[in-house]
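S.K.: Below is one structure. I have some questions about it.
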Amino acid sequence: MSRAHSPQPAGAARAQAPGASPEAGPEALLRDRRIVVTVGSGGVGKTTLAAAIALSAAREGRRALVITIDPAKRLADALGLGALSGEPRALPADRLAEMGVPAGGGLEAMMLDMKRTFDDLVRRFSPDPAAQERIFANPIYQHVSDALAGSAEYSAMEKVFELSQREDLDLIVLDTPPSKHALDFLEAPERLVGLLDSRVVQVLLHPAFAGARFGFRVFQRGVQQVLRVIERVSGLGFLEDLSEFLLAFEAMSEGFRERARQVEALLFGPQTAFVLAAGPARESVAHATRFLTRLEETGADVAGLVLNRMRTWPSSEPLPEGEPDPAARADLAEALANDANRTGDAPAAGDFDAEAAADAALTLAYGYASMVRRDERETAPLRDRAQRAGCFVRRVAELPRDVHDLEGLDRVAAYVFAGDPERVSDEERAR
Amino acid sequence: MSNPRLSGPSSPRSQPPLRDLLDRHLVIVTGKGGTGKTSVAAALGLRAAARGLRVCVVETGLDEHVPRLVAPDSTPGTPLRPGLESLRIDPYEALAEYLTLQLGVPGLATRVLRNEGFRKLLDAAPGWRELVTLGKVWHLREQGEFDLLLVDAPATGHGLTFLDVPRVVGSAVRAGPLRRHAGWVEEMVRDPQNTVLLPVALAEELPARETAELVTRLREDVGVPVDRVVANAVASPPFPESVADLDVRLGRIDLPASDTRPSSRTLAGCAAHLRSRYELNRAYLEHLREWTALPTIELPLLPEGVTGPADLDLLGRRLLGEAT
């Protein structure tokens, strides 16, 4: 599904910009953009990445807001989102100072309340209270907005637009719902507008329809067929509900259509950048590669790729290969034995098997080295692909503990924005 | 074990021995993206076929993964192994099939589906994909070609959305065949004799919490049977019990790197990292047990990921408690 009026691929646009470096680093996101959208399949650390970007912007003295979808509890706590809230909450000044945010910088966070936002939309665009009540009471609306999949995307887009109107925000970071269909959330506004414009729906919107069961005979053959098929499968009651729902919706469609256009202009304009998150698992790499292609096709400006949870060698020494050398084991065993004697820290005097310990240390390190190599190898094609598209590429090491707290955010931010991976790994080592 | 009088809803109850997982007609494998549920479904398929069952692994994602995992060299259109097939359900194709069956007029469904307006209606309408996918599963069951269907459920949102759609559609549609059919599908999904949901989690905060929520809601309102959860990719102890503090010891000595060996500091770094990951997994495994009050099957972390049928065979045996 390519967009009807695709602008040229963003990568190409960037490459042509005079004086632009081939790769604008992640710092540029914080400086030059109004909206950053983190995208990727589930479980690759999108939410943490979004929060880390917003925190980094705040530390640069910008006023940032992060919209998260489903944060881990401790991350929510760290962001002051202890209670579920569909409204932005600003972190208090003392908390900001603790987080290293200078005066002038700000950080707000909110969790998307999908149901409420959709209701808000109805309230805003309904021409009168009666129309509003008709929508709320319609069984199809109740299920569409509440129980069924899909409304998350509409609401996310709507909320971003609303927030973009606020002049006291420099940067909005949007964490997107994990989606199976790569770009559900981007295409949602367009889909809704397309729906209201379609002929089948126009027929359903015809006021005569609800009363006249066979009234649609007058319409063209294709439409007739569609309606007959729907009727046969779902019964007339459903068509009536659908017609009523669409009628009510139609009343607010002008506002809605306009809004969809504005959202689209916002997301595909120069002030918005997308950052793709992926993990080293094979499935995740494959998914991210397709995602990147799709994003480019839609004209989205993909600024960067962040590879999360990469198993990373803890020093700048070369990765060992093959099997541990028996000779190399001897001096390690000796050092461990000396240490045990010196500290007296043995399970019981004389019980400590230094040979076995040295063996275990080397075995696990060689094993870990092969995991590190595996993650590098598996992600190489994706990294190349992203670099060719003009994206920055950053790796975030698999962290020793869960990252769902402030410390975790710090470290993810350091990996993404420190720019010098070696420096990060030195810091890691120092810990 | 625990005192029965003390066991609340979140503590493990003494339970009768677990029923064999494959002793049903439908196993729905669910989980957040990245938990490895496709591998779990494929692994179960492999073992079920080895037991002589006629099995179909049903995929619901945009891409087909199972054939490549199970039998990288198989020819499309042939069984992956004797007794084992896989199928990817495409919602549009499934809808065309369903409409053709309903209308009894060949070609009409295709024409209707080609109608641009109808496509737009479908593009915007939520829920129907889940419903026709489950409808197709129901149809496969009715046809009786397979003893066992293993469904790799969509990773989108909560696994519940997927399973709850028949009920929701049933209540949104007042009458007609669609309502009746949604009822059949709902019955299938809730059948405690023949259906079971198998959540796959990782022993980490988010997937563990989400799985706990899923299980709670299954118990409380959806009524889809679930009797165990899978904790995938659980790290094994990085070093033997006898040197449990190996990372600390390595951190105390100061041996520079040689041509044949990393420095003690690097070795300590590796050991400390693997130990942290191991301890993290153990902690969340405990949480998972406590939060779901269900038996948890641990699957080992495979350092290279699932690379082929041999790995699946190992995972399948662990899942079923068979000797490895």
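S.K.: For residues that are open to solvent by less than 20 Å² (accessible area, probe 1.4 Å) and within 14 Å of chain A (Cβ to nearest Cβ), scanning just segment B:23-32, find the one that is modelled with the lowest pLDDT.
M.R.: Per the criteria, the residue is B:Gly31.
S.K.: If you check B:Glu130 against the conditions, is it in a loop (DSSP other than H, G, I, E, B) and over 30 Å from B:Glu304 (Cβ atoms)?
M.R.: When the stated conditions are applied, B:Glu130 does not pass them.
S.K.: A further question follows. Hey, among the residues in segment B:279-306 that are at the interface with chain A (Cβ under 10 Å from one of its Cβ atoms) and in a helix (DSSP H, G or I), which one's nearest to the chain's Cα centre (by Cα)?
M.R.: This residue is B:Tyr284.
To keep it simple, each residue is scored yes or no on (1) assigned to a strand (DSSP E or B); (2) farther than 25 Å from B:Val168 by Cβ.
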| residue | (1), (2) |
| --- | --- |
| B:Val57 | yes, yes |
| B:Pro79 | no, yes |
| B:Leu95 | no, no |
| B:Leu134 | no, no |
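S.K.: Determine which single condition B:Arg114 fails, assuming it passes every other condition in (1) more than 18 Å from A:Phe238 (Cβ to Cβ); (2) more than 10 Å from chain A (Cβ to nearest Cβ).
M.R.: Going through (1) more than 18 Å from A:Phe238 (Cβ to Cβ); (2) more than 10 Å from chain A (Cβ to nearest Cβ) one by one, B:Arg114 breaks only (2).
Okay, residues lined up against (1) open to solvent by 30 Å² or more (accessible area, probe 1.4 Å); (2) touching a strand residue (DSSP E or B) at 6+ places or on another chain (Cβ under 8 Å); (3) away from chain B (no Cβ under 14 Å):
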site: A:Ala356; (1), (2), (3): yes, no, no
site: A:Ala360; (1), (2), (3): no, no, no
site: A:Arg373; (1), (2), (3): yes, no, no
site: A:Leu382; (1), (2), (3): no, yes, yes
site: A:Ala386; (1), (2), (3): no, yes, yes
site: A:Arg395; (1), (2), (3): yes, yes, yes
site: A:Pro400; (1), (2), (3): no, no, no
site: A:Val412; (1), (2), (3): no, yes, yes
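S.K.: For B:Pro79, all conditions in the list (1) over 25 Å from B:Gly223 (Cβ atoms); (2) more than 12 Å from chain A (Cβ to nearest Cβ); (3) buried (at least 19 other Cβ atoms within 10 Å of the Cβ) hold save one; what is the number of the exception?
M.R.: Going through the list (1) over 25 Å from B:Gly223 (Cβ atoms); (2) more than 12 Å from chain A (Cβ to nearest Cβ); (3) buried (at least 19 other Cβ atoms within 10 Å of the Cβ), B:Pro79 breaks only (3).
S.K.: Among the residues of segment A:29-53, what is the count of those that are assigned to a helix (DSSP H, G or I), over 9 Å from the mean Cα position of the chain (by Cα) and within 18 Å of A:Leu267 (Cβ to Cβ)?
M.R.: 3
S.K.: Filter segment B:235-266 down to the residues that are surrounded by fewer than 18 Cβ atoms within 10 Å (Cβ to Cβ), among the hydrophobic types (A, V, I, L, M, F, W, C) and more than 7 Å from chain A (Cβ to nearest Cβ), then identify the one that is nearest to B:Leu197 (Cα to Cα).
M.R.: B:Ala244
S.K.: Follow-up question, since we're still on this one. Taking the residues in segment B:64-76 that are in contact (Cβ under 8 Å) with a residue 12 or more places away in the chain, not in a helix (DSSP H, G or I) and not small (Gly, Ala, Ser) as candidates, determine which candidate is least open to solvent (accessible area, probe 1.4 Å).
M.R.: Result: B:His65.
S.K.: Among residues belonging to segment B:40-55 that are free of Cβ contacts under 8 Å to residues at least 60 places away in the same chain and assigned to a loop (DSSP other than H, G, I, E, B), point out the one that is farthest from B:Ala310 (Cα to Cα).
M.R.: Out of the qualifying residues, it is B:Gly52.
S.K.: On the basis of being facing chain A (nearest Cβ under 7 Å) and either open to solvent by 30 Å² or more (accessible area, probe 1.4 Å) or in contact with a helix residue (DSSP H, G or I) (Cβ under 8 Å, 6 or more places away or on another chain) (or both), does B:Gly127 make the cut?
M.R.: So B:Gly127 fits the description; yes.
S.K.: Next question, about the same structure. Among residues belonging to segment B:33-59 that are out of contact with any strand residue (DSSP E or B) (no Cβ under 6 Å at 6 or more places or on another chain) and farther than 26 Å from B:Glu298 by Cβ, point out the one that is surrounded by the most Cβ atoms within 10 Å (Cβ to Cβ).
M.R.: Step by step, filter segment B:33-59, then rank; the result is B:Arg54.
S.K.: Which of (1) among the aliphatic types (A, V, I, L, M); (2) modelled with pLDDT of 90 or more; (3) in a helix (DSSP H, G or I) does B:Leu122 not meet, given it meets every other one?
M.R.: For B:Leu122, the exception is condition (2).
S.K.: Which of the numbered conditions does B:Pro154 fail, given that it passes all the others? Conditions: (1) assigned to a helix (DSSP H, G or I); (2) within 12 Å of chain A (Cβ to nearest Cβ).
M.R.: Condition (1) is where B:Pro154 drops out.
S.K.: OK, next. Is there a residue in segment B:195-216 that is in a helix (DSSP H, G or I), farther than 30 Å from A:Glu240 by Cβ, open to solvent by 40 Å² or more (accessible area, probe 1.4 Å) and more than 11 Å from every other protein chain (Cβ to nearest Cβ)?
M.R.: There is at least one residue in segment B:195-216 that is in a helix (DSSP H, G or I), farther than 30 Å from A:Glu240 by Cβ, open to solvent by 40 Å² or more (accessible area, probe 1.4 Å) and more than 11 Å from every other protein chain (Cβ to nearest Cβ).
The values are calculated or read from the model by the stated rules, or taken from the named source; none is laboratory data. This is a predicted model, so every value here is computed, not measured. Neighbour counts are summed over all protein chains in view; Cβ atoms, including those assigned to glycine, are modelled from backbone coordinates with ideal geometry. Note: accessible area is taken over every heavy atom of the protein model, side chains too, but ligands, DNA and RNA are not part of it. Shrake-Rupley method; radii C 1.70, N 1.55, O 1.52, S 1.80 Å.
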